[in-house]
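I have placed the structure first, in the form of structure tokens, so that the comments after it can refer back to it.
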Amino acid sequence: MQSEKATALFGVIEARRDDLIALTQELVRIPTINPPGDHYLEICEYLKRRLESSGFATELVRGEGTPGDSDRYPRWNIVARRDGRHSGECVHFNSHTDVVEVGHGWSKDPFAGTLEDGKIFGRGTCDMKGGLAASIIAAEAFIETCPDYAGAIEISGTADEETGGYGGVAYLAERGYFSPDRVQHVIIPEPLQKDRICLGHRGVWWAEIETHGEIAHGSMPFLGDCAVRHMGAVLTEMETSLFPALATRSTDMPVVPEGARQSTLNINSFHGGQDENPPEFTGFPSPCVPDSARMVIDRRFLIEEDFQDVQQEIHTLLERVKSQRETFSYDIRDLHHVIPTMTDKTAPIVQSTAKAIKSVLGRDAEYVVSPGTYDQKHIDRIGRLKNCIAYGPGLLELAHKPDEYIGVDDMLDSAKVMGLCLIDLLTDAGEQGEKL
Ligand SMILES: [Zn+2]
């Protein structure tokens, strides 16, 4: 049995199908490719017009001085808020507006937003303009159905998630936009699938390891000291001791895909010796013993692991190699890290979303954790808000791929779920525990 309000909400959402399609297409047609971070102002102004016409007060905030911000590529964000008639809690939908580069292999125009067989194609349809559009339709339909609601709805469109979120959510969180006295519930409509609730993510540590050597003529390598061979020793030590050790560590976090339920390490890049020649140079390289080799490691760690231990393990490995090689010397530089996070299943936004999924889709929600990080990291760490999930339409596997698409029915279903959460959290129907 659905409540009267839920039935009315579903009717309004279904009637807005064409509007949802057009909104998604128009968002996709603004090519907000990042890097470098193009057209941020344009998409914020588009969202401003749309949300102001639905009664939201809007604010454009530039992430000034953040990585990548310049007069040519300003990091613009929009925060929109619509207060209800009574005081209450605030539900915030946060979507990133940036998309990654197009890449090769497309059979459709990546910025046309072509509609075919109930799917909208284009870069950013799935990750995550479809989710943004669904949250806007959900909020508008809720306002129409329950004009007397309490509390507030916020919708933000933020920059730079694909490059770390420093000019977007991190910047806003540092300025109090996600502090618990302003916002109580956050849904990030990333493409995790309409029947899944993403509770958080694993941790990440990026570091650059450099081994040093001594340059000499390549015909007399014994007169120098080869930094690549030293790095080779580091790799061998990783193969024999580190990778097997990581494979034995597993987590209770419900990470998907399952292969990511253990500690992992990727070597993001490896470079030794002279720089590669520019493509227009047609000559040969010169014979030199490399005096430097660099490797960037990407270590993903589990909530059960301590960050200090994760770093110490690599330091210990390097010291072990050093003890075995007479002239071995190295540096290690921290590039960036994020601590793992996982919202409790008993948190109100999780409970509310789970109830709504059951009501809309007729099945229990699946709880998942993301193998990689997303903007929840800033909301959690800087904003100090623990009541945050990722929930939205689309298949994660399509993100960043050629012919990326979003299903219109999936968007409608997840808009219903998001709308029901608003009924649950911002109206009496929710407070009295009325069955959704
Ligand atoms: Zn995304």
> Contour minus end-to-end for E326 and H271, with contour as 0.36 nm per residue of separation and end-to-end as the Cα-Cα distance?
Replying inline: 17.6 nm
> Among 349-357, 301-309, what's the highest-first ranking by average C-beta atoms within 10 angstrom per residue?
Replying inline: 349-357, 301-309
> When the distances between all Cα atoms of the chain are binned every 20 Å from zero, what whole-number percent does each bin get?
Replying inline: 24, 50, 21, 5, 0
> What net charge is computed for the residues neighbouring D225, neighbours being all others with C-beta under 12 Å from the C-beta of D225, Lys and Arg scored +1, Asp and Glu -1?
Replying inline: -1
> What angle, in degrees between 0 and 90 and rounded to the nearest 10, separates the Cα long axis of helix 348-361 from the longest principal axis of the Cα atoms of the chain?
Replying inline: 70 degrees
>> Tell me the mean residue ellipticity at 222 nm calculated for the chain from its helices only (DSSP H runs of n ≥ 4, each -39500 (n - 2.57), averaged over every residue, nearest 500).
In response: -9500 deg cm²/dmol
> Stretch L361-T316 to full length: gain in nm at 0.36 nm per residue minus the Cα-Cα span?
Replying inline: 11.2 nm
> In degrees, nearest 10, range 0 to 90: what is the angle between the Cα axis of helix 227-237 and the longest Cα principal axis of the chain?
Replying inline: 60 degrees
> How much net charge surrounds T373 when only other residues with a Cβ under 12 Å from its Cβ are counted (Lys, Arg +1; Asp, Glu -1)?
Replying inline: -2
> Which of rounded, prolate, oblate describes the range 40-149, given a ≥ b ≥ c as roots of the alpha-carbon gyration tensor eigenvalues and a/c under 1.5 marking rounded, otherwise prolate only if a/b is larger than b/c?
Replying inline: oblate
> How far is helix 17-28 tilted, in degrees, relative to the longest principal axis of the Cα atoms in the chain, given as a value from 0 to 90 rounded to the nearest 10?
Replying inline: 30 degrees
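Bear in mind these aren't lab numbers, they're just calculated from the coordinates by the rules spelled out. Given the structure is predicted, the values throughout are model-derived calculations rather than measurements. Using ideal geometry, Cβ is built from the backbone for each residue, glycine included, and neighbour counts are taken over all protein chains shown.
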